[in-house]
Amino acid sequence: MITYPQARTCPYQPAPGYDELREGPPLRRTRLINGQEGWVVSGHREARALLADSRVSSDRTNTGFPMIMPPALAAVQTSPNRPFIVRDDPDHNRIRRMLIPQFTARRLRELQPEIEQIVHATIDDMLAAGPPADLVSAFSLPIPSLVISRLLGVPWEDHEFFQRATKAIVQALDTTVTGEVLASLISYLSTLAQDPPPGLIAQLKEEQVATGAMSQDDLVFTSMLLLGAGHETTSSMISVGVITLIDHPDQLAAFRSDPDTVPDAIEELLRYLTIVEAPLLRVAVADIEIAGEVIKAGEGIVFAGSIANRDPDAFEDPERFDISRTATHHISFGYGVHQCLGQNLARTELRLALSALFERVPTLRLAVPVEELGLRPAVSIQGVDALPVTW
Ligand code: HEM
């Protein structure tokens, strides 16, 4: 029986241990790293069907939920105030609806000039200080961090604290550290949400908390979710996106030569890299018949998204990294009611950051071989903690 999750050996390739999932059934039984048994889904069609099925729950308090996160994170995800990403409808939808207007394509067009300015100022600083540079700390992390902190109204002077905290939570390497930083982040955001500076937190407080539609605790935990989700995911996509493009010179040349290729290239990077894999977890709350199997109520469901995103029934020649394909049906932002709320923001950041970087630093290259980069553990958002580059 295959174990899930397993570690990658290349930042943009599925874990070698998932090779057997490429053949045979689209879902099968798995042994999770915490000893629980469940189902691992590797078929693209079946993954989308299950993620959109109302008999499938995101609520970590349900019996049998695949709890493969560290205990400190599990404690927050099962607490009465848990963020809406780990709740089911109608609770989930009640809070999600309040946020949708902030993440529409129109709102993103309004934010674009500010994001562009952040991207260029960050490149200015990197060029002034190097070469060489650590691309993660000089570029990939500051951009989404500045964008989300301005959007939320979280003071930038505290960025060292909240960047360290979101990293420790997402990576969750050390349970004691995770517990401590989670507590400090909750306490920081609780204080901030008492009298928030202008931004989304203040707006939610004024429009939703003041009218009784949202509790003060929900405001704190929603802020924590947005701050965390807005940091590590996009920053990891930028870093691993740079590695992947540099490793595929023909694709990088095409990316550089024609700005019209950029939106499709971003979708292809999202598909090929599938950086959010092991955190996508569910449990069945009723028996579900699918692909000749029955997932019983109370059985955990995990997704080998990196394999589903390379399912030959959904993507032609799926192992090829090809920025000219239209890969918008990937499941890298999830699928169904929990599909990523920040996807328009993430796409805008990725588009602006990657195109400006390769335009302004045309000789950018990795300062160490890809094989020497330290990779994130299997349970976290996939990526690298440091990326030595030069130009
Ligand atoms: C949900 C991926 C960027 C906010 C999700 C989910 C995935 C994902 C896979 C679904 C989780 C599930 O179904 O359990 C990504 C990737 C990103 C990214 C790959 C970057 C490239 C962002 C950004 C934000 C954000 C910038 C901004 C605030 C959220 C929120 C949810 C979510 C709030 C929960 C939605 C819900 O439960 O209804 N994301 N995300 N994400 N994401 Fe993102």
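Read-outs throughout are calculated quantities, based only on the coordinates presented, and are distinct from any laboratory measurement. Bear in mind the structure is a predicted one, so any value in this text is a computation, not a measurement. As a convention, Cβ positions derive from the backbone with ideal geometry for all residues, glycine included, and neighbour counts pool all protein chains shown.
About its Cα centre, the chain has a charge dipole of approximately 560 debye under the convention of +1 per Lys or Arg Cβ and -1 per Asp or Glu Cβ, with nothing else charged. Give the separation of the Cα centroids, segment 335-360 to segment 3-70, in Å. That distance is 25 Å.
For segment 18-94, state the average projected area of the convex hull of the C-alpha atoms over all orientations, rounded to one decimal in nm². Write down the numbers at each step before the final one.
On the way: hull surface 24.1 nm².
If you wrap the Cα atoms of segment 18-94 in a convex hull and average its projections, you get 6.0 nm².
Based on the Kirkwood approach, the hydrodynamic radius assigned to segment 188-309 is 18.4 Å, with every pair of different Cα atoms included. The tail of the calculated P(r) for segment 49-131, taken as Cα-Cα distances beyond 19 Å, holds 61 percent of the pairs.
Taking the helices alone, the chain has a mean residue ellipticity at 222 nm of -13500 deg cm²/dmol, built from -39,500 (n - 2.57) per DSSP H run of at least 4 residues and averaged over all its residues.
What ranking do Leu373, Leu270 get, fewest neighbouring Cβ atoms within 10 angstrom at the top?
Numbers: Leu373 19, Leu270 24.
Ordered by Cβ neighbours within 10 Å, fewest first: Leu373, Leu270.
Report, as a whole number in µm² per second, the diffusion coefficient that Stokes-Einstein gives for segment 3-390 at 10 °C and 1.306 mPa s using the Kirkwood radius over alpha carbon pairs. It would help to have the intermediate numbers written out before the result.
Details: Rh = 21.4 Å.
After rounding, the answer is 74 µm²/s.
Reported value for segment 115-177: 98 Å³ per residue, from the convex hull of its C-alpha atoms.
What percent do you get for the relative contact order of segment 111-222 when only Cα pairs under 8 Å and 6+ apart count? Intermediate values should be presented prior to the final figure.
Numbers: 72 pairs, mean separation 24.2, N = 112.
Relative CO of segment 111-222 lands at 22 percent.
Expressed in Å, the radius of gyration and Dmax of the Cα atoms of segment 300-391 are 16.0, 47. Taking the dipole about the Cα centre of the chain, with the C-beta of Lys and Arg at +1 and of Asp and Glu at -1, give me whichever of Gly300, Gly199, Ala121 is farthest to the positive side. Farthest towards the positive pole: Gly300.
Taking 25 °C and 0.890 mPa s as conditions, segment 232-291 diffuses translationally at an estimated 178 µm²/s according to Stokes-Einstein applied to its Kirkwood radius (Cα pairs).
A Förster radius of 41 Å combined with the Cβ-Cβ distance from Cys10 to Lys296 puts the calculated FRET efficiency at roughly 0.70.
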